[in-house]
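The values are calculated or read from the model by the stated rules, or taken from the named source; none is laboratory data. Given the structure is predicted, the values throughout are model-derived calculations rather than measurements. We place every Cβ from the backbone using ideal geometry, glycine too, and count neighbours over all the protein chains shown.
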Ligand SMILES: *[C@@H]1O[C@H](CO)[C@@H](O)[C@H](O)[C@H]1NC(C)=O
Ligand SMILES: *[C@@H]1O[C@H](CO)[C@@H](O)[C@H](O)[C@H]1NC(C)=O
Ligand SMILES: *[C@@H]1O[C@H](CO)[C@@H](O)[C@H](O)[C@H]1NC(C)=O
Ligand SMILES: CC(=O)N[C@H]1CO[C@H](CO)[C@@H](O)[C@@H]1O
Ligand SMILES: [Ca+2]
Ligand SMILES: [Ca+2]
């Protein structure tokens, strides 16, 4: 514990991101995730691409986005839709060329936004040149991956080195005749793990980062970090009691997840970023417990993603659950002035509106956009897109295909990955082709950006109004207090100097009447700045009696005393 604290102090001094009093661009950014296959197709082949992204930058600007990250766009056999990379320093043909990428970087910066790459360091594709050479023991690649000749049983047969299981199920070891050895893979067998005990690998991956930094990118979102390092003794993991040796849950991950060496690697990446500037950022994807997640702050990450809203809440969550989740993150951040973040959705989970229902999803959009720190939006959630029903024949996600015809609907991540609904023309304006890689949701005729732009009471209007508020100091750097007004109503305030913003969210399925007098300055007048679409008519109203304020079922209202109500005109 002591060593962590002293390291904290060192980083506090050495990382200008934390020590300077003027906030950095990323500390209150609105971050947007683009899933490139489904964002915008520029050439009519039914698959989104970089020129498509380029043509829609204006939408991001209008949505008050400060930075976006692109899910993987590297060459890939697409066994795991881009997370199996066969060349870390190139662009997948279907997405475009390196020139297209360079133009996109320039155009993004011209539009005063930042561009972030998805960095996938744990593994490569088995088609990567490094793996192919490792297979043949060609130096320096021989030990680029984790190889083992296997365990010899008394009867002479060779078997896997230990009981480790892959995240996608089945043994984490696969035999290769060519090398007469097993290689280790935390994910699919086409995704061999890189060997971070080998300094050459550590340096090679640092050079991958430098390659993209040289192209002008502003940072990285780093994939699957807790799986980076493994215990070198390769001992069996303790059993959990789950009887199926093919289930990931069969063993307790004491040797394959959250290993101390992983944190040193992360620190090494921070040093690479700092070679460029203290404005470059690193965001860590880690589905780990609170202690292990928070530790990334100490080792030089700008922040580890906070998935609490995705993993720990649902349609039935109560007001207290949201308050606890928010307080827990704020209290556990280990560094003074650390930056919080709130992820509302991603390409691995059902969509926001599908998870919560329409009004509660709007309330969640309001909450994530107005809490301190970084707000993360998954593309399409800013117009309230819904999951799309995908037939077995149309299923593309390997996780869905592996589950078979009877189980695919539960396992597949395709429903949240269908094309962005731009307008009511062919394929929702995503593509000129009538067939697209995943089908367009049938609701696109009514649920699309162009239609919403014409309505002042649309999901997108709400998203724009609330994200505009983020630009004010009260949201950029205001203090936070959270309160339960009753069992169903959660409120928080943001406050700086004389400005206060109050957010009141009702998690019951019926209207609630609450007393706001404990939150509000006695003499101040409260205006409705904005509200979920079921209370849209209240915008601009002045609250007459703060003791009896009505909040609509599953809705949320934003109040201010000093800031004029949102006016889209
Ligand atoms: C970026 O802005 C510069 C200066 O205005 C301009 O010359 C350049 O063409 C722009 N690049 C792109 C890709 O928009
Ligand atoms: C968190 O995870 C680490 C490493 O997996 C483990 O040692 C620790 O006991 C866990 N902490 C809690 C509170 O579960
Ligand atoms: C399609 O969208 C346009 C512009 O948003 C709108 O004017 C038009 O009425 C819509 N057409 C149909 C058939 O919904
Ligand atoms: C959210 C996310 O990006 N998840 C990815 C984590 O890493 C594995 C393996 O690279 C991918 O399959 C997931 O999609
Ligand atoms: Ca295309
Ligand atoms: Ca690993």
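Do the conditions hold for residue 230, that is, is it touching a helix residue (DSSP H, G or I) at 6+ places or on another chain (Cβ under 6 Å), at negative phi and more than 16 Å from ligand 5 (Cβ to nearest atom)? The answer is no for residue 230. In contact (Cβ under 8 Å) with a residue 40 or more places away in the chain and in contact with a strand residue (DSSP E or B) (Cβ under 9 Å, 6 or more places away or on another chain), is that true of residue 560? Taking the combined requirement at face value, the residue satisfies it. For the stretch 417-424, the criterion of being over 30 Å from residue 373 (Cα atoms), in contact with a helix residue (DSSP H, G or I) (Cβ under 6 Å, 6 or more places away or on another chain) and away from ligand 6 (no atom under 16 Å from the Cβ) is met by at least one residue. Of all positions in the stretch 295-302, at least one carries a residue that is within 15 Å of ligand 2 (Cβ to nearest atom), surrounded by 23 or more Cβ atoms within 10 Å (Cβ to Cβ) and closer than 24 Å to residue 31 by Cβ. A single entry from 202, 167, 225 fulfils the requirement of being closer than 24 Å to residue 119 by Cα and more than 16 Å from ligand 2 (Cβ to nearest atom): 202.
The sole residue among 392, 342 that is closer than 17 Å to residue 304 by Cβ and either surrounded by fewer than 22 Cβ atoms within 10 Å (Cβ to Cβ) or at pLDDT 95 or above (or both) is 342. For first residues located in the stretch 223-240 and without any contact (Cβ under 8 Å) to a residue 24 or more places away in the chain, partners that are more than 16 Å from ligand 1 (Cβ to nearest atom) and part of a loop (DSSP other than H, G, I, E, B) and lie 6+ apart or on another chain with Cβ distances below 6 Å form the pairs 238/252; 240/252.
For (1) more than 24 Å from residue 283 (Cβ to Cβ); (2) within 16 Å of ligand 4 (Cβ to nearest atom); (3) touching a residue at least 24 places away in the same chain (Cβ under 8 Å), each residue gets a yes or a no:
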{"site": "47", "(1), (2), (3)": "yes, no, yes"}
{"site": "73", "(1), (2), (3)": "no, yes, yes"}
{"site": "107", "(1), (2), (3)": "no, no, yes"}
{"site": "123", "(1), (2), (3)": "no, yes, yes"}
{"site": "143", "(1), (2), (3)": "yes, no, yes"}
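Of all residues in the stretch 171-184, those that are part of a loop (DSSP other than H, G, I, E, B) and touching a helix residue (DSSP H, G or I) at 6+ places or on another chain (Cβ under 9 Å) total 2. The residues of the stretch 283-309 that are within 20 Å of residue 378 (Cα to Cα), within 16 Å of ligand 4 (Cβ to nearest atom) and touching a helix residue (DSSP H, G or I) at 6+ places or on another chain (Cβ under 8 Å), listed by number, are 284, 285, 286, 287, 303, 304, 306, 308, 309. When each of 467, 458 is tested for being farther than 30 Å from residue 336 by Cα and in contact with a helix residue (DSSP H, G or I) (Cβ under 8 Å, 6 or more places away or on another chain), the lone residue that passes is 458. Note on the stretch 396-421: residues that are crowded, with 21+ Cβ neighbours inside 10 Å and outside any helix (DSSP H, G or I) total 7. Applying the set (1) closer than 30 Å to residue 66 by Cα; (2) touching a residue at least 60 places away in the same chain (Cβ under 8 Å); (3) surrounded by fewer than 16 Cβ atoms within 10 Å (Cβ to Cβ) to residue 88 leaves exactly one unmet item: (3). Of all the residues in the stretch 462-485, those that are within 23 Å of the chain's Cα centre (by Cα) and in a helix (DSSP H, G or I) number 11. For the stretch 89-131, a residue qualifies if it is closer than 19 Å to residue 184 by Cβ and not in a helix (DSSP H, G or I), and the qualifying residues are 120, 121, 122, 123, 124, 125, 126, 127, 128. Run down 505, 564, 491, 553 and say which single residue is part of a loop (DSSP other than H, G, I, E, B) and under 21 Å from residue 322 (Cα atoms). 553 is the lone residue from the list that is part of a loop (DSSP other than H, G, I, E, B) and under 21 Å from residue 322 (Cα atoms).
Counting the residues of the stretch 328-339 that are modelled with pLDDT of 95 or more and at positive phi gives 0.
Would you check if there is a residue in the stretch 276-285 being within 27 Å of residue 169 (Cβ to Cβ) and either at pLDDT below 95 or under 19 Å from the mean Cα position of the chain (by Cα) (or both)? Looking through the stretch 276-285, at least one residue is within 27 Å of residue 169 (Cβ to Cβ) and either at pLDDT below 95 or under 19 Å from the mean Cα position of the chain (by Cα) (or both). Quick one: would you say residue 371 is away from ligand 6 (no atom under 16 Å from the Cβ), touching a helix residue (DSSP H, G or I) at 6+ places or on another chain (Cβ under 7 Å) and over 18 Å from residue 64 (Cβ atoms)? No, not satisfied. Of the residues making up the stretch 247-262, those that are within 16 Å of ligand 6 (Cβ to nearest atom) and not in a loop (DSSP other than H, G, I, E, B) are 248, 251, 260, 261, 262.
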